[in-house]
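Note sheet for the following structure.
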6 protein chains.
Amino acid sequence: MIYITRRERFNAAHRLFREDFTDEENLAIFGKCSNPNWHGHNYQLFVTIKGEVNPETGFLVNLKTLSAIIKSRVIDKVDHKNINLDVSFMNGEFASTEMLAITIWNELFDEVEKLGATLHKIRLEESENNSVEYYG
Amino acid sequence: MIYITRRERFNAAHRLFREDFTDEENLAIFGKCSNPNWHGHNYQLFVTIKGEVNPETGFLVNLKTLSAIIKSRVIDKVDHKNINLDVSFMNGEFASTEMLAITIWNELFDEVEKLGATLHKIRLEESENNSVEYYG
Amino acid sequence: MIYITRRERFNAAHRLFREDFTDEENLAIFGKCSNPNWHGHNYQLFVTIKGEVNPETGFLVNLKTLSAIIKSRVIDKVDHKNINLDVSFMNGEFASTEMLAITIWNELFDEVEKLGATLHKIRLEESENNSVEYYG
Amino acid sequence: MIYITRRERFNAAHRLFREDFTDEENLAIFGKCSNPNWHGHNYQLFVTIKGEVNPETGFLVNLKTLSAIIKSRVIDKVDHKNINLDVSFMNGEFASTEMLAITIWNELFDEVEKLGATLHKIRLEESENNSVEYYG
Amino acid sequence: MIYITRRERFNAAHRLFREDFTDEENLAIFGKCSNPNWHGHNYQLFVTIKGEVNPETGFLVNLKTLSAIIKSRVIDKVDHKNINLDVSFMNGEFASTEMLAITIWNELFDEVEKLGATLHKIRLEESENNSVEYYG
Amino acid sequence: MIYITRRERFNAAHRLFREDFTDEENLAIFGKCSNPNWHGHNYQLFVTIKGEVNPETGFLVNLKTLSAIIKSRVIDKVDHKNINLDVSFMNGEFASTEMLAITIWNELFDEVEKLGATLHKIRLEESENNSVEYYG
């Protein structure tokens with residue numbers, strides 16, 4: 001069993017808040033992350049998949065193919081977007097790094113299966129200090 | 001003459017666009033950076049100042065003081081904010097990295113003089129691939 | 001189950017040695033890390049906790065709270081300190097990265113429980129080449 | 001149980017291809033990685049070992065010893081070399097990052113046992129975007 | 001006057017040697033960099049240009065355009081290539097980082113002029129320890 | 001004219017203080033950097049030299065030679081040392097990053113001349129947030 005990880009990046013705006021809260025209540029719970037006019041991040045997404053090395057090629061899957069899938073299923077939908085407003089797969093979810101990691105897992109799981117590998121981990125870095133990992 | 005550099009960071013949303021353009025015209029000029037619902041970045045700000053080493057202390061200026069000035073004059077005004085909407089010193093300017101570097105220079109120049117040093121350079125990194133430098 | 005990681009940093013002096021050894025014996029076992037006048041590092045501490053996403057907030061725990069706990073229980077006690085001489089929770093222990101990771105785990109475990117999450121991993125980087133991980 | 005990781009680096013040339021394929025077939029499967037005149041990378045190798053802290057020294061193993069083993073068994077054989085042509089332990093294998101991680105595991109496993117620890121993981125970064133992990 | 005820097009990356013093989021030297025003589029002068037079967041690097045190229053901020057757009061030049069020029073004039077010619085054998089603009093030159101920086105300057109200078117800006121600096125990183133800068 | 005930069009690293013302990021001050025006075029001026037039992041850093045030293053490319057070799061100087069000089073004149077004297085107590089070329093100086101950069105310049109200037117190049121810049125990073133540059 002071998003694990004390979006592909007990094008992709010996207011830049012997006014978001015806001016942590018609840019619509020049923022006032023701005024003051026949101027500020028109390030979510031701090032400056034609830035700024036009504038949004039803020040943003042350079043997100044780094046690390047997708048780890050696992051499987052057996054293909055004896056015909058020496059690799060698990062073609063990383064170019066994996067990268068293309070991540071781009072079409074995730075990056076194209078979130079890069080230079082507003083995570084709260086523009087991203088269909090985040091509809092109805094909190095725009096937290098945690099929920100983003102979970103929904104990205106759901107976007108990619110079946111696509112990785114079709115490649116003959118298994119999705120192992122989503123790691124999402126919001127900043128050099130904060131990151132999230134999800135294993136399904 | 002010695003040069004010291006302090007790094008500070010902020011996360012902000014922005015949009016590149018002109019109000020007198022349609023969304024289509026903005027898209028043609030500014031690409032995905034003109035997304036109407038904003039996007040954002042983890043900005044890294046490097047402030048370089050220069051002067052003589054103080055023979056009483058062995059340093060140019062106290063970096064804690066320099067950091068406090070950068071925080072009160074810049075970081076507190078841009079961190080977790082929308083650069084187009086929330087930042088008074090960017091009022092009426094394009095929210096580009098270039099204009100942000102220039103206005104940050106203006107915010108800091110006199111404050112650094114008061115410390116007995118001279119502002120030398122503002123370097124602003126918008127992403128690992130894109131950065132701007134301004135020397136006044 | 002979701003995992004989140006917070007990075008904090010501290011700068012400290014230390015020395016690897018045994019009091020019952022001569023300087024020569026310490027040099028033979030611990031090499032230049034046993035320099036009698038100390039040396040030091042910029043340590044990077046990565047604290048990973050795990051648990052369920054809170055459906056009321058969309059996050060596992062408030063990272064600001066987690067950061068405050070790491071600061072009060074660990075960083076304030078080790079930053080700009082001598083690990084052998086100044087750090088009460090390292091009393092009687094070798095000032096190795098291994099022992100530092102283990103004692104930091106002990107400092108944080110109960111505090112993380114009180115947040116409604118579980119401490120999963122302490123990763124401590126002493127340099128870009130050397131790091132330690134502890135899972136309890 | 002404690003885990004320690006040592007990073008070492010090497011710069012090497014390689015090519016992904018099959019001898020029984022034409023250049024066109026190799027290009028179709030392996031893309032630009034099949035360039036007949038080779039290309040190359042700055043590889044970063046992270047070796048993680050695990051075991052109990054030695055109560056006589058406060059560390060798992062002496063990292064200087066671990067580093068010397070990685071250098072003699074791996075780095076000296078691959079650094080500034082052609083992975084397809086110059087590396088005996090890659091003889092007959094595809095020069096992929098996957099196969100390199102697996103063969104490095106095999107080079108190091110017994111040597112780590114002799115130190116009184118257990119090899120836990122080989123992580124090999126080919127670029128800032130692509131990496132492989134192998135756990136045996 | 002404002003300065004902007006764009007980073008692009010390429011992975012290539014090379015060898016430092018003189019054809020009029022024996023392998024032993026090349027080894028004496030160029031060390032392991034003269035390995036006859038090549039070695040390689042992940043190069044990082046930082047292109048800095050300077051000029052006035054365009055009052056119509058708020059930026060110096062469109063970074064997407066600058067990136068496209070660097071890709072067509074440089075990256076497409078060197079990425080996944082052998083610098084000694086495959087790169088026409090390095091024909092007859094030593095495949096050193098110094099000569100690569102100088103020839104990349106020559107490839108880009110006129111193109112940057114056409115954008116209405118001036119090429120200021122080429123910085124080329126061969127590894128985390130070694131880099132070259134050229135100002136024309 | 002070409003510029004090349006070599007990075008070397010060292011880990012050291014230091015303390016900012018004046019012997020003619022009490023601990024309280026030192027704390028008021030130098031903050032936690034005056035901790036009487038020292039603290040420490042992973043320093044990164046970037047040495048930039050300039051000159052003409054040698055037409056016989058394609059490089060400015062052999063980087064292996066430059067590295068050896070930096071090691072013998074600087075790194076061997078400061079690595080795993082106490083900058084206040086163990087470093088002869090810092091005798092009588094404040095152990096600040098500023099003074100360390102200046103004295104390292106003095107240690108290297110003549111040695112670089114002997115290589116047929118000119119020392120251009122010393123950059124010394126004390127942490128990811130703080131660095132100093134000196135041009136003589």
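The values are calculated or read from the model by the stated rules, or taken from the named source; none is laboratory data. Quick caveat: nothing in here was measured; it's all calculated off a predicted structure. Neighbour counts run over all protein chains shown; Cβ positions are idealised from the backbone, glycine included. In case anyone asks, the SASA skips ligands and DNA or RNA and just uses the protein heavy atoms, side chains included. Shrake-Rupley method; radii C 1.70, N 1.55, O 1.52, S 1.80 Å.
Can you find, within segment D:113-122, the residue that is nearest to residue A:58 (Cα to Cα) among those that are out of contact with any helix residue (DSSP H, G or I) (no Cβ under 7 Å at 6 or more places or on another chain) and surrounded by 15 or more Cβ atoms within 10 Å (Cβ to Cβ)?
In the first step, residues of segment D:113-122 are kept if they are out of contact with any helix residue (DSSP H, G or I) (no Cβ under 7 Å at 6 or more places or on another chain); the result is D:113-114, D:116-117, D:120-121.
From what is left, the residues that are surrounded by 15 or more Cβ atoms within 10 Å (Cβ to Cβ) are D:117, D:120-121.
Numbers: D:117: 30, D:120: 22, D:121: 19 Å.
Within segment D:113-122, the match that is nearest to residue A:58 (Cα to Cα) is D:121.
Scanning segment D:1-58 for residues that are out of contact with any Ser or Thr (no Cβ under 7 Å at 6 or more places or on another chain), in a helix (DSSP H, G or I) and not hydrophobic (A, V, I, L, M, F, W, C), we see that the one that is most open to solvent (accessible area, probe 1.4 Å) is D:24. Once segment A:68-91 is narrowed to residues that are touching a residue at least 60 places away in the same chain (Cβ under 8 Å) and in a helix (DSSP H, G or I), the residue that is most open to solvent (accessible area, probe 1.4 Å) is A:71. Within segment B:92-112, if we keep just the residues that are away from chain E (no Cβ under 11 Å) and either in contact with a helix residue (DSSP H, G or I) (Cβ under 9 Å, 6 or more places away or on another chain) or within 16 Å of residue B:6 (Cα to Cα) (or both), the residue that is most open to solvent (accessible area, probe 1.4 Å) turns out to be B:106.
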